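Step one of this worksheet: look at the structure below.
The values are calculated or read from the model by the stated rules, or taken from the named source; none is laboratory data. What you are looking at is a predicted structure, and each value in this text was computed from that prediction instead of being measured. Reconstructed Cβ throughout: ideal geometry from the backbone, glycine too, with neighbour counts over all protein chains shown.
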Amino acid sequence: MSRWGIVVATKKGDFILVNYVCRVKETGEIVESTMGEGHPHEEHPHEPLLVVVGEGWVPKGLDEALEGVEVGQRLEVEVPPSKGFGERDLSKVRLLPLRRFTREGVNPTPGMQVEVNGRPAIVRSVGAGRVQVDFNHPLAGKTLLYEVTVEKALRTRAEKVKALIHRRLPSVDLEKLGLKITPKEVAVELPEESFFLEGLQLAKRQISSDIQKYIPGIVETSFIERFKAAEASSEQSQGQGSPREDSGSSP
C-alpha cells in the first residue's frame, strides 16, 4: 500500500523480498525454506529472498504468481514440473566406470552429489565396477507446493543496489558499505574486511552487471577499496624514549 492508502500490486521488474517454504507435493518433504523450517542444510540463509519479478530468479510457476500481488499477501502456489525444474529426462542418466571416481579419491555411494566434467550429478547406484549418475535436477519431475509471503517491496535506488550487492556478497555487512548514486553512476565502497573474500573479483563483476541491467539509467559501476594505515599500538608509542642528546664531545 502506498503512503496515500492506495494498494500497489507488484509488476514485472519490481524488487521484492519474499519468505517461503517449498514442499514436494507427493511426499510433503520440505526442500527449500527461507526461514530454516525443516531445511536439511544449516548454512541455508534464514532471511527473505530477493526476487526481481519476471526475471526468472525463481521457478517460472512461482515467478508468474508473484506478479499482481500486494506486500503482506500470503500465497499458496502449486508449480508443476513444466513450470518448475522440468520433467525427468532418462537420457541424462549415465553409466560411468567406477575407476573414473576412485582415481580422484572419490568413493561414490548412492545419493552422493558429484561433479562430472563440471556438471553436477547425483549417484543413483554403484555396482559391477560401474556408477549410475543422474544429471537431472534433483527436483525434476516433481510438483512443488510453495507457501509464500511478500514481505517488502524495494522502491528506492539505494535499497535496490544494496539488495543486489547482498545477493552476491551475503557476508558483507551492509551497514559498513559506502554508497554514492548519481543518475548514471553507482560507486560502492567496500569495508576493508571484505577485500580478501574468495571470489570477490567475480562477485564485483556480477554486481556491476546486475546494477546496470536492473537499475534504469546506470551506465557505470565503480568499486572503491581504501586501505587505512594501521594505528601505532600504545606499547610502541610508550616504548620509545626521548632522543638522546648529543654531548658534543669527541669519542
message: Can you tell me how many residues within the range 84-108 are assigned to a helix (DSSP H, G or I) and farther than 30 Å from Val58 by Cα?
response: 4
Qualifying position, being part of a loop (DSSP other than H, G, I, E, B), in the same structural domain as His166 (by TED's automatic domain parsing) and of a type outside the set (Lys, Arg), among Glu198, Glu193: Glu198
message: Contact list please: Cβ distance under 7 Å, first residue in the range 206-224 and more than 23 Å from Glu193 (Cα to Cα), second residue surrounded by fewer than 16 Cβ atoms within 10 Å (Cβ to Cβ) and of a type in the set (Val, Ile, Thr), pairs at least six apart or on different chains.
response: Gln212/Val219
- prompt: In the range 226-248, is there at least one residue being modelled with pLDDT of 80 or more, under 39 Å from the mean Cα position of the chain (by Cα), within 28 Å of Val53 (Cβ to Cβ) and not assigned by TED's automatic domain parsing to the domain that holds Val52?
  reply: no
- prompt: Taking the range 1-20, which residues are at pLDDT below 95, among the aliphatic types (A, V, I, L, M) and either assigned by TED's automatic domain parsing to the domain that holds Arg167 or under 12 Å from Arg155 (Cβ atoms) (or both)?
  reply: Val8
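To keep it simple, each residue is scored yes or no on (1) over 26 Å from Val58 (Cβ atoms); (2) touching a Ser or Thr at 6+ places or on another chain (Cβ under 7 Å); (3) buried (at least 18 other Cβ atoms within 10 Å of the Cβ).
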| residue | (1), (2), (3) |
| --- | --- |
| Asn117 | yes, no, no |
| Ala128 | yes, no, no |
| Leu154 | no, no, yes |
| Ser171 | no, no, no |
query: Can you tell me which residues in the range 156-190 are of a type outside the set (Asp, Glu) and touching a residue at least 60 places away in the same chain (Cβ under 8 Å)?
result: Lys160, Ala163, Leu164, His166, Arg167, Pro170
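Answer yes or no as to whether Arg130 is out of contact with any Leu (no Cβ under 9 Å at 6 or more places or on another chain) and basic (Lys, Arg).
No; evaluated as a whole, the condition is false for this residue.
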- request: Filter the range 121-137 for residues that are part of a strand (DSSP E or B) and modelled with pLDDT under 95 and give the result.
  value: Gly127
Number of the condition not met by Leu95 [criteria: (1) in the same structural domain as Leu145 (by TED's automatic domain parsing); (2) modelled with pLDDT of 95 or more]: (1)
- prompt: Which of the residues that make up the range 185-200 are surrounded by 11 or more Cβ atoms within 10 Å (Cβ to Cβ) and farther than 12 Å from Val172 by Cβ?
  reply: Glu185, Val186, Ala187
field: Failed item in (1) at pLDDT below 95; (2) within 16 Å of Lys25 (Cα to Cα), with Val106 passing the rest
entry: (2)
- prompt: So which of Lys142, Lys162 ends up being basic (Lys, Arg) and assigned by TED's automatic domain parsing to the domain that holds Lys204?
  reply: Lys162
message: For the range 201-215: of the residues being closer than 18 Å to Leu177 by Cβ and either among the small types (Gly, Ala, Ser) or not assigned by TED's automatic domain parsing to the domain that holds Glu225 (or both), which is nearest to the chain's Cα centre (by Cα)?
response: Ala203
